[in-house]
1. Taking the condition at pLDDT 90 or above and of a type in the set (Asp, Glu), does A:ASP61 pass?
2. Go through (1) surrounded by fewer than 19 Cβ atoms within 10 Å (Cβ to Cβ); (2) at pLDDT 90 or above; (3) touching a Pro at 6+ places or on another chain (Cβ under 7 Å) and name the single condition B:PHE156 misses.
3. Is there a residue being over 19 Å from B:GLU126 (Cβ atoms), in a helix (DSSP H, G or I), at pLDDT below 90 and more than 7 Å from chain A (Cβ to nearest Cβ) anywhere in segment B:198-205?
4. Check A:ALA90 against each of (1) of a type in the set (A, V, I, L, M, F, W, C); (2) crowded, with 16+ Cβ neighbours inside 10 Å; (3) not in a helix (DSSP H, G or I) and name the one condition it does not meet.
5. How many residues does segment A:119-137 contain that are surrounded by fewer than 17 Cβ atoms within 10 Å (Cβ to Cβ) and within 27 Å of A:LEU162 (Cα to Cα)?
6. Scan segment B:93-102 and give yes if some residue there is within 30 Å of B:GLU157 (Cα to Cα), part of a helix (DSSP H, G or I) and under 12 Å from the mean Cα position of the chain (by Cα), otherwise no.
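The values are calculated or read from the model by the stated rules, or taken from the named source; none is laboratory data. Being a predicted model, the structure only gives us computed values, none of them experimental. Methodologically, a virtual Cβ is constructed for each residue, glycine included, from the backbone with ideal geometry; neighbour enumeration extends over all protein chains shown.
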There are 2 protein chains.
Amino acid sequence: MAIDNCENLPGQRGPADHERRTQILQVADELFRVHGYRKTSVTDIAKAIGVSSAYLYRFFDSKQAIGESVCALALSTMGEAIRAVSERDASATQRLRDMLHTLLSEGMRLFLKERCIHDIVVVSIENQWAVTEEHNNEIYEAIEKIVSDGRESGEFERKTPLDEVCMAIRVTAAAYAHPVLLSRLGNTEEMETKLAAVTNLILRSLAP
Amino acid sequence: MAIDNCENLPGQRGPADHERRTQILQVADELFRVHGYRKTSVTDIAKAIGVSSAYLYRFFDSKQAIGESVCALALSTMGEAIRAVSERDASATQRLRDMLHTLLSEGMRLFLKERCIHDIVVVSIENQWAVTEEHNNEIYEAIEKIVSDGRESGEFERKTPLDEVCMAIRVTAAAYAHPVLLSRLGNTEEMETKLAAVTNLILRSLAP
């Protein structure tokens, strides 16, 4: 999702002044990264732009609505990368490997390198914002596509119910995609070793 | 580990007045549960007992030393339950199922029902206290015993390196044993469904 294409996110209202909306999200994104979501107020955002808080409320219902839009933009990059891998022209086995690796690398980029995105995603998970749910669904759909393809091609077993297999992979992968666990998994080399071991375990479980 | 058998924990020093030491840990445990570890000071603990802070420092180096002892006692119950399951007289398959279930139920008891133990264990993980490391080793050893037994009995495959298999199960099980993830897994029924799916995935991966 591009930053100028977010008019359908929840809690937003007219006027449909795209440029202004984009500017608000860019400034909010920057303030959330530097100071964290919790410590940034709507007044802070308004001040940084040089307008009144009342003016900002013409574009967004609340600070949460701004937060959800910023969070959706951050997660959409990861979601798109995951979807792209699931649709790639490769064996299901290779795509599953690549997808789990993308989850780890995108997770590290978002939650470790861009530190305050970590903060806003944690707030989003804690408060069960719709954006987190949508992101989880995107990941689930990518897993489902790969496993279904692998069952068709004969790479994976077909006895276990598809939804049980996909849910188990989703929960297992949560150890990599979850911001709180990511920040405690250890150094990059250690994470790669753990990811390889878990990926191999998942692939062994899928053997026909 | 019983509460009166903790003289070998780190950061403790003489005099070896067991009764007093036990009392300090009991009072600290209570204060940590009610107010949280971060908000409880050594002065608070001393006041609750009716002694001076200086007196407490004759038994423990620091607030952290008290925290580590309280945390070790809380985790030891879980560690003992896990070890007991691994040594039970049952098939490796059954013991692995039971062990993963014990991780979930003990985790829920510790981190969801005893809310402020959650807090002290999170502090312990964040600060990499030795007690967390020891607890992780206990769980790893239980997994290793069960997988080794299952390889000997012919229940599990033997091609994959033992340490890779055990590490992968350990990381996968972290989704159940980790206090932060536990608190966000959803309701009990949902957790049981997810646990069953992941347990089945692990067992399929172990098929010979």
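1. Working: at pLDDT 90 or above: yes; of a type in the set (Asp, Glu): yes.
So A:ASP61 fits the description; yes.
2. Only one criterion is unmet by B:PHE156, namely (1).
3. Pass one, segment B:198-205, residues over 19 Å from B:GLU126 (Cβ atoms): B:198-205.
From what is left, the residues that are in a helix (DSSP H, G or I) are B:198-205.
Restricting the remaining residues to those that are at pLDDT below 90 gives none.
For segment B:198-205, residues over 19 Å from B:GLU126 (Cβ atoms), in a helix (DSSP H, G or I), at pLDDT below 90 and more than 7 Å from chain A (Cβ to nearest Cβ): absent.
4. Checking A:ALA90 against (1) of a type in the set (A, V, I, L, M, F, W, C); (2) crowded, with 16+ Cβ neighbours inside 10 Å; (3) not in a helix (DSSP H, G or I), the one that fails is (2).
5. Start the filter on segment A:119-137 by keeping residues that are surrounded by fewer than 17 Cβ atoms within 10 Å (Cβ to Cβ), which leaves A:126-128, A:130, A:133-134, A:136-137.
Still in the running and within 27 Å of A:LEU162 (Cα to Cα): A:128, A:130, A:133-134, A:136-137.
The qualifying residues number 6.
6. Step one: filter segment B:93-102 for residues within 30 Å of B:GLU157 (Cα to Cα), giving B:93-102.
Now drop any that are not part of a helix (DSSP H, G or I), which leaves B:93-102.
Filter again for under 12 Å from the mean Cα position of the chain (by Cα), leaving B:102.
Yes.
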